[in-house]
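S.K.: Structure below; questions to follow.
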Amino acid sequence: MKEGNRMLSLYTLLVFIFLLGPLVIISITSFEPGTVLKFPPEGFSLKWYKNIFEVSAFMETFRTSIVISLLGNLLALLLGVPAAYALSRYRFRGRDTLNAVFLSPVLIPGIVLGFTLLRYLIVVYNLPIVAGLLIGHTVIMLPFIIRVIASSLENFDFAVEEAAQSLGATRIYTFFKVVLPNIRSGILAAILIAFLESFNNVDISVFMTGPGISTLPIQMLTYVQNYFDPTIAAISVILMVLTAALMFIIERLMGFAYFTKR
């Protein structure tokens, strides 16, 4: 039994090393003072972190990524909250099919989905690049919004909603004053998860960007093709820290939502 525990512990350690090892190496190499990415670094310098803010393309694409993620998040919320509510609240013919349609962007390979959006939104319907990019990011955020909010609604007692309506409250008033406040933590978690998915997306953005319009991940790929300095490593460290912080917030929100329902 002890031998089995040792093997399990060793296997777990190897998995952690495999997953975290590259992140540790990238973090260390971001402080390389030279002009070429090296491991181990020959010294310590923060100049490549400074270089991030000196390259205008990074700042412009960062702002584009933020705007697209926020606007797409808003559109996904406007579509996803009613959809999650309907799928959780009611039982109707075609419910499973509709649920599968909403979740299909997660199941379809990103390259296939990106090419399809490019083919129809940009080529066939001749939409502006910004509009196509926004629609594409809304599409990939929608499944996360619906799934997380639907999970929160599973813990909600709809008898409370029915009680409010029996006392004279309208359906709309009950939805905004009874249902939404009880799933607030789930909505916030869905917003953060969808934001991360949109901000870090590559497979959709690489098809939907064009001249003058790009996102930060695509700009990072372009930069790597021309330069081999530690700037991208520095950006990666910043994005990892921000992602870890947001995931910590999501975990706290989901935990708070769980314990408040018990």
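S.K.: Which whole-Hz ³J(HN,Hα) couplings does region 98-115 yield from phi under the Karplus relation 6.51 cos²θ - 1.76 cosθ + 1.60, θ = phi - 60°, glycine and proline marked x?
M.R.: 5, 5, 5, 5, 5, 8, 4, x, 6, 7, 7, x, x, 5, 5, 5, x, 5
S.K.: Cα axis of helix 216-226 to longest principal axis of the chain: angle in degrees, 0 to 90, nearest 10?
M.R.: Taking Cα atoms only, the helix is inclined about 20 degrees.
S.K.: Would you mind classifying region 1-150 by shape? Square roots of the alpha carbon gyration tensor eigenvalues, ordered a ≥ b ≥ c; an a/c under 1.5 is rounded, otherwise it is prolate if a/b is larger than b/c and oblate if not. Please list the in-between numbers first.
M.R.: Values: a/c = 2.75, a/b = 1.32, b/c = 2.09.
Oblate, because a/c is 1.5 or more while a/b does not exceed b/c.
S.K.: Along region 53-67, what does the Karplus equation 6.51 cos²θ - 1.76 cosθ + 1.60 (θ = phi - 60°) give for ³J(HN,Hα), rounded to whole Hz, x for Gly and Pro?
M.R.: Running phi through 6.51 cos²θ - 1.76 cosθ + 1.60 with θ = phi - 60° gives 7, 8, 8, 4, 4, 5, 5, 5, 6, 5, 5, 4, 4, 5, 5 Hz.
S.K.: By the scheme Lys and Arg +1, Asp and Glu -1, what is the net charge of all other residues having a beta-carbon under 13 Å from that of H137?
M.R.: Values: positive: none; negative: E197, D203.
With Lys, Arg at +1 and Asp, Glu at -1, the neighbours total -2.
S.K.: Give the carbon-plus-sulfur fraction of the accessible surface of the chain in %, rounded to a whole number; probe 1.4 Å, heavy atoms of protein chains only. Don't skip to the answer; put the middle values down first.
M.R.: Working: 10940 of 15590 Å².
Carbon and sulfur: 70 percent of the exposed surface of the chain.
S.K.: Dipole of region 55-214, Cα-centred, from +1 at each Lys and Arg C-beta and -1 at each Asp and Glu C-beta, to the nearest 20 debye? Spell out each step's value before the answer.
M.R.: On the way: 10 positive and 8 negative charges, 58 e Å.
In debye, rounded to 20, region 55-214 gives about 280.
S.K.: Let me ask another. Leaving out ligands and nucleic acids, note down the accessible area per residue over the chain with a 1.4 angstrom probe, in whole Å².
M.R.: Working: 15590 Å² over 262 residues.
Per residue, the chain has 59 Å² of solvent-accessible surface.
S.K.: To continue, here is another question. What list of ³J(HN,Hα) values in whole Hz, one per residue of region 35-43 in order, does the Karplus curve 6.51 cos²θ - 1.76 cosθ + 1.60 (θ = phi - 60°) give from phi, with Gly and Pro shown as x?
M.R.: 8, 10, 5, 9, 9, x, x, 8, x
S.K.: Quick one: which of 88-99, 143-154 comes out on top by average Cβ neighbours within 10 Å, and what's the full order, highest first? Numbers along the way, then the final one.
M.R.: Numbers: 88-99: 10.9, 143-154: 21.7.
Descending mean neighbour count gives 143-154, 88-99.
S.K.: Another question, then. With every protein chain left in place, what is the accessible area of Y120 in Å² (1.4 Å probe, nearest 10)?
M.R.: 120 Å²
S.K.: Can you give the relative contact order of the chain as a percent, counting alpha carbon pairs under 8 Å and 6+ residues apart? Could the numbers behind the result be given before it?
M.R.: Values: 270 pairs, mean separation 76.2, N = 262.
Dividing the mean separation by the residue count of the chain yields 29 percent.
The values are calculated or read from the model by the stated rules, or taken from the named source; none is laboratory data. What you are looking at is a predicted structure, and each value in this text was computed from that prediction instead of being measured. Cβ atoms come from the backbone with ideal geometry, glycine included; neighbour counts cover every protein chain shown. Keep in mind that these areas ignore ligands, DNA and RNA; they rest on the heavy atoms of the full protein, side chains included. Shrake-Rupley method; radii C 1.70, N 1.55, O 1.52, S 1.80 Å.
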